[in-house]
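Read-outs: derived from the displayed coordinates by stated rules, not from any lab. This is a predicted model, so every value here is computed, not measured. Don't worry about glycine lacking a Cβ; one is built from the backbone with ideal geometry, like all the others, and counts go over all protein chains shown.
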Amino acid sequence: MSHHIVEVKQLRHVYPDSTVALAEVSFRIHHGESVAIIGANGAGKSTLLLHLNGYLAPTSGEIRIGDFPLTRQTLPEIRRTVGMVFQDPDDQLFMPTVFDDVAFGPLNLGFTQEQAGERVREVLAQVGAVHLLDKPPYHLSGGEKKRVAIATVLSMSPDILVMDEPTSGLDPFSRRQLIGLLRDFQHTRIFTSHDLDMVLELCERTIVLHQGAVRADGPTGEIFRDEALLAECRLEKPLSMQGCLLCGRKQ
């Protein structure tokens, strides 16, 4: 299933103010992998994700999704393969109702109204949001908006799911629901997060960005046991790997 592979080669991105956000970033992600991209604020995580389906164009370097380089010509097909969930759901929700937002993608893929309606109800059920079907997005809570934003992407049946800070702003119950949803997604998952316990739970592989470059790439457990690496990159172990604050015991 080569069309599920994500390959980044020598990716460099310089913003108009001359800020170097990414410096020669390279990695390869295979079908079915669950990969976290972590780093301190300003490390380049969100900038990197925005390149994976063409929301930003690289200053130099190459991105390939499967057998195809990401170009203006291949962009429509790649955006059907790579589903992107933004950190702020308001960047994704723009239609009068939740139904309209989730149906927008399938209708643009050529679904009939009836087919789109079935797809909308199916993915809203997946994210536990069928009861929001007729609500305006601006009336939703933060957690509800996040679930609907994920549904808009799942409605396109992506092979690769890319998420920027998926648990940001969620209460504990909504966070646990989201982790369950991500665990059930059968294809490739790539996300950034400061929620390192979620990373430990869901990702067998972690890429560490530091000052726009890949500082480490390996098994998640090994990354989180490397205290020197974490200190250098202004990161800490997940709470579940730290000692109990009350009794001093390691969990």
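Quick one: Val199, Val20, fewest Cβ neighbours within 10 Å first, how do they rank?
Details: Val199 23, Val20 15.
Going from least to most buried by this count: Val20, Val199.
For the chain, what is the charge dipole size about the Cα centre, in debye to the nearest 20, if Lys and Arg each add +1 at the Cβ and Asp and Glu each add -1 at the Cβ?
Value, rounded to 20: 280 debye.
Rounded, prolate or oblate: which fits the range 1-106, taking a ≥ b ≥ c as square roots of the Cα gyration tensor eigenvalues, rounded meaning a/c under 1.5, else prolate when a/b beats b/c?
Because a/c hits 1.5 or more and a/b fails to exceed b/c, the range 1-106 counts as oblate.
Return, ordered by residue number, the residues of the range 88-114 whose backbone nitrogen is under 16 Å from a label point located 7 Å along Cα→Cβ of Asp134.
96-101
I want to verify the translational diffusion coefficient of the range 96-212 in µm²/s; compute it with Stokes-Einstein, Rh as the Kirkwood radius over Cα pairs, at 37 °C and 0.692 mPa s.
Rounded, D is 218 µm²/s.
Project the alpha carbons of the range 57-144 onto their principal axes and report the range along each, largest first, in whole Å.
Extents along the principal axes: 44, 29, 21 Å.
Considering only DSSP beta bridges with both partners in the chain, what is the antiparallel share in %, to the nearest 5?
Expressed as a percentage, antiparallel bridges in the chain total about 55.
Determine, for each peptide in 5-12, 213-220, the mean count of other beta carbons within 10 angstrom over its residues, then list the peptides with the highest first.
Per-residue mean Cβ counts within 10 Å order the peptides as 5-12, 213-220.
When a/c reaches 1.5 or more, the comparison of a/b and b/c decides; with that in mind, is the chain rounded, prolate or oblate per its Cα gyration tensor?
It is oblate, given that a/c is not under 1.5 and a/b is not larger than b/c.
Which whole-number percent is the relative contact order of the range 16-127 (Cα, under 8 Å, 6+ apart)?
Working: 53 pairs, mean separation 15.1, N = 112.
Reported relative contact order: 14 percent.
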